[in-house]
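What follows is a set of notes on a single structure, which appears directly below.
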Amino acid sequence: MGSSDYITPSYEATRSATVFPMTDAQTPKIVMAIPPSRPGVDEGTGVVLETKPKTKRPPLYKVLLLNDDYTPMAFVVHVLERFFGMTHAQAFEVMLTVHKKGVAVVGVFSHEIAETKVGQVMDFARRHQHPLQCTMEKE
């Protein structure tokens, strides 16, 4: 837009002029007009344009499953299927990783979800009298 786009025609000119509707792309969206906030500043009104606030992504946390010598492999597979939505084949692969390497990342979640998953796994393991350990750490 050039500077001439903001010139308002005189009253006489608008009485005889043909007015064409503007498209939304041509019309600035004004939310509200407000008076100046400080005394002594130019008399007139200010314009607040609508803006979208920028939201930050929440920090993510890795949920880790730790190996032990007592929890049966089948129970670990069951936990991975039940609490992390893995297929049997995926759960079996992750269980082997936990068994061979001692630890595996089983999911990455927001803090609240990771905390809930850790609690669910730990409670489920205790109810079934297994020493399975599940923890979380910031990614």
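The values are calculated or read from the model by the stated rules, or taken from the named source; none is laboratory data. These figures come from a predicted structure and were not determined experimentally. Ideal geometry is used to build each Cβ from the backbone, glycine not excepted, and the neighbour counts take in all protein chains shown. Remember, those area values only see protein heavy atoms, side chains included, never the ligands or the DNA or RNA. Shrake-Rupley method; radii C 1.70, N 1.55, O 1.52, S 1.80 Å.
Which condition does Ala89 not pass, out of (1) surrounded by 10 or more Cβ atoms within 10 Å (Cβ to Cβ); (2) out of contact with any helix residue (DSSP H, G or I) (no Cβ under 6 Å at 6 or more places or on another chain); (3) over 20 Å from Arg127 (Cβ atoms); (4) among the aliphatic types (A, V, I, L, M), if it passes all the others?
Checking Ala89 against (1) surrounded by 10 or more Cβ atoms within 10 Å (Cβ to Cβ); (2) out of contact with any helix residue (DSSP H, G or I) (no Cβ under 6 Å at 6 or more places or on another chain); (3) over 20 Å from Arg127 (Cβ atoms); (4) among the aliphatic types (A, V, I, L, M), the one that fails is (1).
Does His111 meet the test of being under 24 Å from Arg57 (Cβ atoms) and open to solvent by 30 Å² or more (accessible area, probe 1.4 Å)?
Yes.
Pick out the one residue from Lys117, Lys100 that is under 10 Å from Val63 (Cα atoms), part of a helix (DSSP H, G or I) and free of Cβ contacts under 8 Å to residues at least 60 places away in the same chain.
The unique qualifying residue is Lys117.
Kindly provide the set of residues from the range 103-114 that are over 16 Å from Asp68 (Cβ atoms) and touching a residue at least 40 places away in the same chain (Cβ under 8 Å), ordered by number.
Matches in the range 103-114: Val105, Gly107, Val108, Phe109, Ser110, His111, Ala114.
Go through Thr51, Thr45, Thr55, Thr97 for me and flag whichever is over 26 Å from the mean Cα position of the chain (by Cα), at pLDDT below 95, surrounded by fewer than 17 Cβ atoms within 10 Å (Cβ to Cβ) and farther than 16 Å from Lys138 by Cβ.
Thr45 is the lone residue from the list that is over 26 Å from the mean Cα position of the chain (by Cα), at pLDDT below 95, surrounded by fewer than 17 Cβ atoms within 10 Å (Cβ to Cβ) and farther than 16 Å from Lys138 by Cβ.
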